[in-house]
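Contents: one structure, followed by commentary.
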Amino acid sequence: MSIRSWAAVLSAFLLGVGSAGWASEGSATPTAGGGSGGEKEHHADGHSSSRITDEVIPLDLENFPERPRPPIELGNHFLGTGTLWPGFELPTGAVWQPALFAFGTWRNAVQTLDDGFDTRTEFRTRMDLFLNLQLSGSERIIIGVRPFDEDGAFTRYVFDGPEDSDFYDELDLGIESLFFEGDFGEIFPNLSRDDFRRTDYGFSVGRQSLIFQEGFVLGDALDSLGVTRNTLLPKGTSNFRVTYLGAWDSIHRNGVEDEDAQLFGLLTSTDFRRSTVDVDAVYVQSDAGLGDQIVVGASAVQRFGHINTTFRLVGSAGLDDFAGAAGDGGIFTSEVSWTPHHTDNHAYINAFVAVDDFSPAARAPGTGGVLSGMGIGFSGSGLGFPGPLDSSSRDVVGAVFGYQKIAHDLRSQWVFEVASRIGLDDAVTDSVAATVRWQRALRKHYVVVLDGFGGWVDSGGGDDTLYGARLELLTKF
C-alpha cells in the first residue's frame, strides 16, 4: 500500500476515534489517570448543554434603522421582507417577477473659486433620477433623466463671476439613460435545462453609462450594445471576462458630441491568483474631421501584504494626419493605499506621468479631464465646478498624498490631501494645492459635504494663489 493510502487510512481512523470519543452526546473521554474527564453538562430534560436551543430568538432591531423605502415601489419590495409575488412564467421557461423602483440623488451646492484670474460664486443644482423595472434577478430596464443640466451646463444662480448675476435655466427633460440588460441563458433556460450548455451570455443595449480603466479609456453614456462572456477559466486563472462593445451615437470627444462617430471595443478582465488584470482596446471611427483613433489600456490590481496597489498604462494614437480629437500620448499611473494599524482610516499615495497629448475614446461633458480620478485635488465637483488643479493630461507629472479619517460614532469622515502637478513642457504650468473634505450623514437620506482648498499655480500672469470652498447637501432617495 502506498504512503498516500496509509495516510488516508490513518486519518479516517483518527476521525472515527474523535467522533466516537469526543463528539458523541453524553460520552466521556478517558484521561491519563484512568478517570473520566470532559463530561458535558446535561439539563433536566436530558439534553446536552451544547445543544442548539429550540427557542425562537428574534432579531435585535431596536437600534437598527428601518429600511428606507424608495419614492416609488411597486411589486416585491426592494430589500424588503415578506411573501414574494410568484410572478409568471414565459414560454421560454424564465420566471419574471416585475417590480418598479425609483431611485436617485439630488445635489445642491454653494461654491466659490478664485483661480488667480476670476472669482466665481454660484449656487448649482443637479438631479439624477432613475426608474428601475426589475423583471428578474438578471433582467431589468433602466430609464434615467437629469432634468437640471444639459451638455455640462447646470441650472444655477450666479452671485459673482464672469457671468452676470442672474438665474440661468438649464432644464432638460431628455432621456440620459435607457437600456435593457439581461442574460441570454436566464431568458431562455429551456435551451439548457441542465445548465451544461454555454448559453450564459450577458448583454446590455441602449443608452448606458460605460466606464473602463476608471475613465481613462472610456467614460461616457453611449448608445451601444455590449455582449459579455463571463466565468471563462483559462489555465492559471480563476475567472476571465470578455466584452464586445459597439456604439453608434451619443459619443463625446473633447466634450462635444461627435454625431458621425462609431465606436468598437474589446474589453477583458482576468482574475489571477494574486492580481486582477484588465486589458482594453477601443477603436473610434469618425467622418466629422475629428479623426479616427485607437485607445488601449492595461491595469493590474493586487495586494502586497497589507498594501493595496493599482498600476495602469494607457495610450492613444490618432490614425489621421490631422485629428482634432484624436491625440497621441500615454499615461502611467500608480495608486498605493493601506489601512494604518489599529484604525479604520485610509492612507494613499497616487502618482502619474502623462507624455504628449493622450485622448480618451469618449468622455462625457462636465466630467473634467482623465486625471480627475487621481484625487480630490484634481476632481471637479460634478456640478460644473473644476477642482483646484488642472485635470488635463498633456505633458505632466504629478503626485497625491491623502489621508481619510473615519468617525463611526458621528457617521462622518475627513479627507486631507496634498497634490501637485509639474509640466514637462514650457506651455504646461506647475501647481500645488491642499484640499480638505468633511462629510457627515444625516438621518437616512442626507449627506452634508464641505470642501475647502488653497494652492499656488505658476500662472504666468495675475495672482499665483488660488482658493475655493463649497457646501453641498446631497439627498439620496
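Coordinate-derived values only; no laboratory data. Since the model is a prediction, treat every value here as computed from it, not as a measurement. We place every Cβ from the backbone using ideal geometry, glycine too, and count neighbours over all the protein chains shown.
Numbers at a glance
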| item | result |
| --- | --- |
| Gyration tensor (alpha-carbon) shape descriptor, region 195-348, a/c threshold 1.5 | oblate |
| Over the chain: helical MRE at 222 nm, DSSP H runs n ≥ 4 each giving -39500 (n - 2.57), nearest 500 | -1000 deg cm²/dmol |
| Where GluC sites (Glu not before Pro) fall in DSSP loop in region 197-284, at most 12 other Cβ within 10 Å | E259 |
| Under 16 Å from the A288 label point (7 Å along Cα→beta-carbon), backbone N, region 358-389 | 360-366 |
| Residues H77, H252 arranged by fewest to most Cβ contacts within 10 Å | H77, H252 |
| Relative contact order of region 292-395, defined on C-alpha pairs under 8 angstrom at six or more residues apart (%) | 20 percent |
| Relative contact order of the chain, defined on C-alpha pairs under 8 angstrom at six or more residues apart (%) | 10 percent |
| Karplus-derived 3J(HN,Hα), 6.51/-1.76/1.60, for each residue of region 327-340, Hz, glycine and proline x | x, 9, x, x, 9, 10, 10, 9, 10, 10, 9, 7, 9, x |
| Footprinting exposure proxy for L474, L313 (fewest neighbouring C-beta atoms within 10 Å first) | L313, L474 |
| Angle between the chain longest axis and helix 3-18 axis [Cα atoms, degrees, rounded to 10] | 70 degrees |
| Gain upon complete extension [I422, D151; 0.36 nm per residue less C-alpha separation] | 94.5 nm |
| Label corresponding to Cα extents along the principal axes in Å when calculated from the structure given, among (1) 81, 54, 47; (2) 64, 49, 46; (3) 94, 54, 53 | (3) |
| Sorted by Cβ density within 10 Å, fewest first, the residues D280, D195 | D195, D280 |
| Label-to-label distance, nm, for residues given as T268 and I406 (7 Å Cα→Cβ offset) | 3.5 nm |
| Charge dipole (debye, nearest 20) of region 286-339; +1 at Cβ of Lys and Arg, -1 at Cβ of Asp and Glu | 520 debye |
| Region 266-407 - charge dipole about Cα centre, Lys and Arg +1 at Cβ, Asp and Glu -1, debye rounded to 20 | 780 debye |
| Amide H contacts under 5 Å for D172, placed H, 5+ residues apart | F148, D149 |
| Length-normalised contact order of region 377-422 in % [C-alpha pairs under 8 Å, at least 6 apart] | 35 percent |
